[in-house]
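Working notes for the structure below.
Every number here is computed from the coordinates shown, using simple stated rules; none is lab data. The shown structure was predicted, so the numbers you read here are calculated from the model rather than taken from an experiment. A quick note on method: Cβ atoms are made from the backbone with ideal geometry, for glycine too, and the neighbour counts reach across all protein chains shown.
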Amino acid sequence: MVAALGHGETRMNMPILLVDDELPSLNALKGFLNFEFDVCCAGPDNPVADALQHWRQNPNLKLALVDLNMPGINGGAPRIQSGLDLIFELKKQRPAARIAARSAFETHENLAEAAKNGADGFLGKDWESASVQANVNFLATWVTMGATLRALAHGIDFRIPRTAGHSERVRDLSRALVIRSEERRVGKECRSRW
């Protein structure tokens, strides 16, 4: 089954990066995502370095699933101490990418921290494969729609000069509102990175 995304692109040729330090988890995800996506795996031995290498070498990677809990992952990238740091780094390098955090622990704190670091979604490790598939498909659609909307926004900015930069301002304001609402709900301060 190959889902159409528009403009001749299918999910079958959309690359997705899976980052995890557990081989069974990587294999399980790859097993059912391989039918719809071009899967790249980072891990299990050195997931951060592998992920950063894939990210740099493949500019078409705009979708990633990153495990939050990877003890001892900083080999080759000392500034990255957790899956949260990796999400932040991947988003910094490619802001339009869609990244979902993965964890066996679905706490409000994990959800809020993931959102603060740039995660666009959250997938529980114990979720049924159909739920994971549906959420990944949603993120893939978001990637494609985002590219279309950015092209439309740039076209509008070009044709109507007084609107230049409006799309970026709305995006930044929306992200700030989401972060603030998460902070209130969880009761924690925003990380200094924001």
| message | At 0.36 nm per residue, and after removing the present C-alpha to C-alpha distance, how many nm does the segment from R169 to D38 gain when stretched out fully? | response | 43.9 nm
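Quick check: net charge around L26, other residues with Cβ under 13 Å of its Cβ, Lys/Arg +1 and Asp/Glu -1? Mind dumping the intermediate values first?
Working: positive: K30, R102, K125; negative: D20, D21, E22, D45, D50, D67.
Summing Lys and Arg as +1 and Asp and Glu as -1 gives -3.
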| note | Of 96-106, 51-61, ordering from highest average Cβ density within 10 Å down gives 96-106, 51-61
